[in-house]
1. If I build a Gaussian network model for the chain, linking alpha-carbon pairs within less than 10 angstrom, which residue out of VAL66, VAL39, VAL102 has the largest mean-square fluctuation?
2. If you take every DSSP beta bridge fully contained in the chain, what fraction is antiparallel? Give it as a percent rounded to 5.
3. What does the C-alpha gyration tensor say about the overall shape of the range 74-198? Classify as rounded when a/c is under 1.5, otherwise prolate if a/b is larger than b/c, or oblate.
4. Per residue, how large is the accessible surface of the range 31-129? Use a 1.4 angstrom probe and give square angstrom.
5. Could you derive backbone 3J(HN,Hα) for the range 97-105 from the dihedral phi with the Karplus parameters 6.51, -1.76 and 1.60 (θ = phi - 60°), listing whole Hz in sequence and x where the residue is Gly or Pro?
6. Multiply the residue gap between SER197 and ALA24 by 0.36 nm, knock off their C-alpha separation, and tell me the result in nm, one decimal place.
7. Using only the Cα atoms of the range 1-103, build the gyration tensor, take square roots of its eigenvalues as a ≥ b ≥ c, and label the shape rounded, prolate or oblate: rounded if a/c is under 1.5, else prolate if a/b is larger than b/c, else oblate.
8. Mean separation of Cα pairs under 8 Å and 6+ residues apart, divided by the residue count of the chain: what relative contact order is that in percent?
Amino acid sequence: MSNEKVLFVLLDEYADWEAASLAAALNEEPEGQGQQFDVKTVSLTKDPIKSIGGFTVLPDYDIRDVPEDFAGLILIGGNSWRKEESKQVMELVNKAIEKEVVVGAICDATVFLGRNGLFNTIPHTSNYLESLKKVAGENYNNESGYLEQQAVRSGKIITANGSAFLEFGKEVLEALNSAPQKEIDEWYVFLNRAIMSL
């Protein structure tokens, strides 16, 4: 039986640090269980894309040839979510919501979801409320649902601000039931300590 795919949407100038630790955790084998997930990358085309940190990625899929079956859709932040061409990703987001799979968005990818009306009925977070309201405009009418938290999970939808890649990762790992809770907690504590010691 093949592993379930978790799709990471990476646009040009994506925030590589928001993707790396979560992708590594998903590709690991939980103790005694074997690998459950297979991380795949998606972009608008299959042309190479470069991260803010200068890493070049050749996407596994473009937006038109994504497989029908996947367990999660993760929108990684970056500098391209406010561009017009990013709207192409909404078809994939809508498909994921229809399939009731885990959908995660971090940093400016949350603004993208808000701009496309996905936050009007659920609790959520983003980088800054004022920025979200300004960019989303009339497509956003749920200021009372905005939570000043690092990460928020509402059903299968997870949102996080750009400084919360560990909290975001923990919420995604838990939502996917990717490993025993003890292992997820250990992953989070280990990386959090590493960051705090810098």
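1. Taking springs between Cα atoms under 10 Å, the residue moving most is VAL66.
2. Bridges in the chain that DSSP calls antiparallel: roughly 25 percent.
3. Prolate, since a/c reaches 1.5 and a/b exceeds b/c.
4. Heavy-atom SASA per residue in the range 31-129 reads 46 Å².
5. Along the range 97-105, the couplings run 5, 4, 7, 6, 9, 5, 10, x, 9 Hz.
6. Extra length from SER197 to ALA24 when fully extended: 60.2 nm.
7. oblate
8. Reported relative contact order: 19 percent.
The values are calculated or read from the model by the stated rules, or taken from the named source; none is laboratory data. For clarity, every value in this text was computed on a predicted model and none was experimentally measured. In this analysis, Cβ positions are derived from the backbone assuming ideal geometry, glycine residues included, and neighbour counts consider all displayed protein chains. Note: areas computed on protein heavy atoms with side chains; ligands, DNA, RNA excluded. Shrake-Rupley method; radii C 1.70, N 1.55, O 1.52, S 1.80 Å.
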